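A short write-up of the structure that comes next.
Just so you know, all these numbers are worked out from the coordinates, no wet-lab data involved. Model, not experiment: these values are computed from the prediction. Ideal geometry is used to build each Cβ from the backbone, glycine not excepted, and the neighbour counts take in all protein chains shown.
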Amino acid sequence: MSEKRQKFVELAEKRVTRAIKDLRLIGNLSNRNNYTYSDSDVQKIVSALDMEVKNLKSKFATDDGKAVQVFKLQ
């Protein structure tokens with residue numbers, strides 16, 4: 001396996017695993033016994049995540065990457 005391929009596989013496995021873990025942690029925020037949130041908050045979170053998945057797909061479709069955006073609820 002080439003060095004570039006090996007590095008890609010190594011980083012992809014670590015980063016995707018971390019992203020899945022973080023998505024599950026975001027899902028834990030849905031517990032209304034522990035948190036109070038509005039439908040608007042949920043829509044903003046889901047919209048931000050959807051946008052980043054679209055950006056991810058676009059980056060793999062082309063080499064043109066976009067700047068990182070910081071997510072804020074308010």
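Neighbours of ARG15 by Cβ distance under 14 Å: Lys/Arg scored +1, Asp/Glu scored -1, total +1. Couplings 3J(HN,Hα) of the stretch 31-40, computed from phi: 6, 5, 6, 10, 9, 10, 8, 9, 4, 5 Hz, in residue order, whole Hz [Karplus 6.51 cos²θ - 1.76 cosθ + 1.60, θ = phi - 60°; x for Gly and Pro].
Could you state the angle between the C-alpha long axis of helix 3-28 and the longest principal axis of the C-alpha atoms of the chain, as a value from 0 to 90 degrees rounded to the nearest 10? So the inclination is approximately 10 degrees. Note that the chain, at 25 °C in a medium of 0.890 mPa s, gets a Stokes-Einstein diffusion coefficient of 166 µm²/s from its Kirkwood radius over C-alpha pairs.
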